[in-house]
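Comments concern the structure below.
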């Protein structure tokens with residue numbers, strides 16, 4: 001039995017070799033000849049429940065894309081993929097993950113998998129509800145309100161501009177009270193400032 | 001002490017009610033002593049609530065587990081600094097925290113407001129007292145909301161603080177966010193006071209402007225620290241999940257940002273008075289709405305307090321306040337007529353209007369998405385939530401439009417921009433944007449939104465640089481100053497303007513960081529000791545992570561299982577990274593919560609390598625990890641610092657006084673006979 005400290009020391013000693021092996025093409029996530037036998041932890045219960053063994057489907061793009069479309073049923077508001085890779089105490093998302101894998105292995109398309117789970121759990125399971133019925137309002141109302149706001153703003157501005165034009169016929173200038181005339185020093189400063197800006 | 005705390009709550013509520021009654025129903029205008037008495041009511045309520053706060057903190061520090069709140073949120077082995085933060089960790093304590101801070105702000109508003117706005121202060125005290133009495137009333141009458149509630153027995157130890165709250169981020173995030181929410185009450189109080197007193201010039205705006213800036217700054221800091229906490233603590237590798245409680249903090253921030261821009265139009269041109277009052281009222285209502293969302297449990301959120309009927313107190317308060325405020329606004333509608341007219345859509349005022357449209361539009365769309373579960377349940381009986389995909393689809397284009405306006409606004413002249421002005425102002429920023437675009441295309445970036453985002457960040461950055469450069473050069477010529485002195489004087493004499501530009505740079509950095517998130521890569525792996533996994537970075541690097549093993553040890557109030565990975569980038573070792581599982585225990589060694597996860601992060605300006613130790617499949621050192629490469633995340637935190645610097649610069653006291661309260665400004669500048677200039 002190797003204790004923990006000995007294991008870490010051994011690991012550090014073996015590191016250069018491990019790096020060399022990796023650079024020769026060690027497999028991603030796969031076992032390599034220089035790995036150590038995984039020792040039992042002193043108290044595995046401190047890590048919470050044991051995880052399902054990893055499978056090649058854990059990072060499968062099809063499985064991940066399906067899981068990202070579906071909400072975990074534990075009530076966390078996260079999608080299945082995020083929940084199972086974030087909340088390690090959740091028992092719902094790993095179970096749903098197993099189901100998704102089983103259905104994908106069984107040859108079902110992503111749409112079939114999503115439809116099957118939604119049929120069982122209800123439409124609330126979808127991260128993005130289908131754009132039909134009242135859900136359509138969910139997608140359209142913000143855009144409609146923004147468009148209405150923009151149109152309202154344009155109409156208001158247009159009315160204002162007409163009012164300005166009506167105030168000052170002929171010139172289009174705004175009626176303003178008489179303005180103070182600048183003194184010589186201010187004129188000189190203005191001239192230099194204008195030169196600077198123009199340059 | 002609980003008796004004293006209870007007594008202090010009752011005293012605060014009664015003082016608040018008395019102050020409000022005097023302010024609103026007694027003619028104090030002709031009785032200076034009564035007006036003084038009303039303003040002193042704000043101080044008295046503050047004193048009473050400080051006593052209540054001391055009583056609760058004493059219970060927390062003396063481990064008085066007979067107090068239900070102390071037993072629920074602390075334990076004997078909880079570090080002392082978390083005994084301080086436990087004050088706001090739960091529903092009851094956070095309500096008291098809210099009331100205490102509001103009372104302090106209410107008292108400070110009375111002390112710090114210049115005497116020329118004295119006639120508004122009794123009304124301000126009245127409004128803050130109503131809000132204060134409401135919060136204290138919730139504690140006294142809400143089901144299980146009194147922080148001084150006692151248990152029928154005294155447990156030997158408390159349950160302890162939720163492990164996710166035992167994090168430096170949670171020391172600062174809730175109080176700063178609360179400070180933002182709470183301080184919104186002061187601008188709201190000044191708006192209502194101005195309406196009641198019929199003092200509808202720009203005086204009330206000048207009196208409350210720094211409060212509005214402070215609210216905005218606190219909200220910004222609170223939101224940013226919340227993003228940091230979510231990133232380093234929750235383990236999903238992101239900063240923003242469009243969770244209802246997260247959204248609730250964004251609503252008032254958006255409308256307050258809109259107000260801080262549109263108020264400039266009112267100060268400069270006497271326009272948008274109704275809109276500005278409406279924005280302040282709306283911002284306050286949104287802060288109460290956020291409290292309702294957080295405390296009612298009506299919408300599922302990972303951040304909510306325990307579901308209770310307290311939320312419905314807030315819903316009722318929300319409706320009553322909305323009806324009263326908007327009715328008051330309606331009765332003063334004619335007195336809020338604009339003093340000037342908009343002359344051109346192509347003007348600074350026009351840009352601010354579009355900016356307001358975008359900000360309020362985003363606030364509405366976020367609110368709509370947040371409330372959609374309630375609406376859908378009302379319509380077809382099922383709570384349908386819209387996820388991040390909805391929020392991103394709606395808000396990303398609006399956010400980019402807003403970023404464009406951030407660059408366009410400073411470039412356009414007030415009143416009406418001439419073609420020559422536009423040409424002169426836009427050439428450099430447009431070139432800046434195009435150069436950024438070409439650079440990104442050269443690096444092979446093809447995704448539409450990231451390209452647009454980075455192009456606009458280039459545009460806005462050059463806009464800000466141009467504004468600073470022109471100002472410095474003008475000062476160097478006019479005052480014969482060197483560049484550094486000119487910069488210092490330029491910023492010092494125009495703190496709002498140039499502080500605002502610094503804030504814009506902070507916002508640009510946020511956009512850069514958000515753009516980076518679009519390129520994140522992640523995978524889950526299971527590794528035996530000395531086994532390696534590789535992950536590609538979006539920059540083309542290959543990270544190789546070698547699992548070194550899992551060590552278990554006891555620390556403070558927890559047992560730690562630490563998994564360590566050795567990290568190499570492109571074959572070169574760059575260090576190690578450690579992620580932990582923590583099982584918290586009470587002082588008798590009994591587990592108190594489910595094991596929590598501490599992520600491991602290696603961060604640089606380009607990207608973060610983010611590792612989460614998920615656990616073991618067989619009780620051995622065989623470990624499962626989630627590995628994420630997150631580009632540009634550091635720029636969130638740098639952007640946050642820049643934004644705070646800009647905000648502080650804007651708020652810094654002193655500098656030229658704005659006398660807009662007492663004058664009408666029909667036109668900026670002098671009437672200049674141009675012929676004489678060219679002579």
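Of note:
- Each Cα pair of the protein assembly as shown feeds into the Kirkwood radius, which the Stokes-Einstein equation turns, at 37 °C and 0.692 mPa s, into a diffusion coefficient of 109 µm²/s.
- Sites residue A:62 and residue A:92, calculated FRET efficiency, Cβ-Cβ separation with R0 25 Å, nearest 0.05: 0.75
- Taking label positions 7 Å along the Cα-Cβ direction at both residue B:570 and residue A:144, the computed distance is 5.4 nm, reported to one decimal.
- The mean count of C-beta atoms from other chains within 10 Å of the C-beta of residues in A:123-129, rounded to a whole number, is 6.
- Cα shape, the range B:135-232, gyration tensor, a/c 1.5 rule: oblate
- For the range B:391-515, a Kirkwood radius taken over Cα pairs fed into Stokes-Einstein (4 °C, viscosity 1.567 mPa s) yields D = 83 µm²/s.
- Protection proxy ranking, peptides B:385-391, B:582-588, B:22-28, average beta carbon neighbours within 10 Å, highest first: B:385-391, B:582-588, B:22-28
- Kirkwood Rh and Cα Rg combined as Rg over Rh, evaluated for the range B:521-634: 1.02
- The alpha-carbon atoms of chain B define a convex hull whose volume equals 188 cubic angstrom per residue.
- If a spin label sat at a point 7 angstrom from the Cα of residue B:84 along the line to its beta carbon, the backbone N atoms of the range B:145-165 nearer than 18 Å would be those of B:161, B:165.
- Stokes-Einstein translational diffusion, the range B:28-176 - Kirkwood Rh over all Cα pairs, 1.306 mPa s, 10 °C, in µm²/s: 95 µm²/s
- For the range A:52-133, pairs of C-alpha atoms spaced more than 22 angstrom apart make up 17 percent of the total.
- Peptide-level mean, for B:382-391, of C-beta atoms on other protein chains within 10 Å: 6
- Counting Cβ atoms of other protein chains within 10 Å of each Cβ in B:594-601 and taking the mean gives 3.
Here, each number is a calculation from the coordinates, and none is a lab measurement. None of the values given here were measured: they were computed from a predicted structure. When we count neighbours, we look across all protein chains shown, and the Cβ atoms used for this are built from the backbone with ideal geometry, even at glycine.
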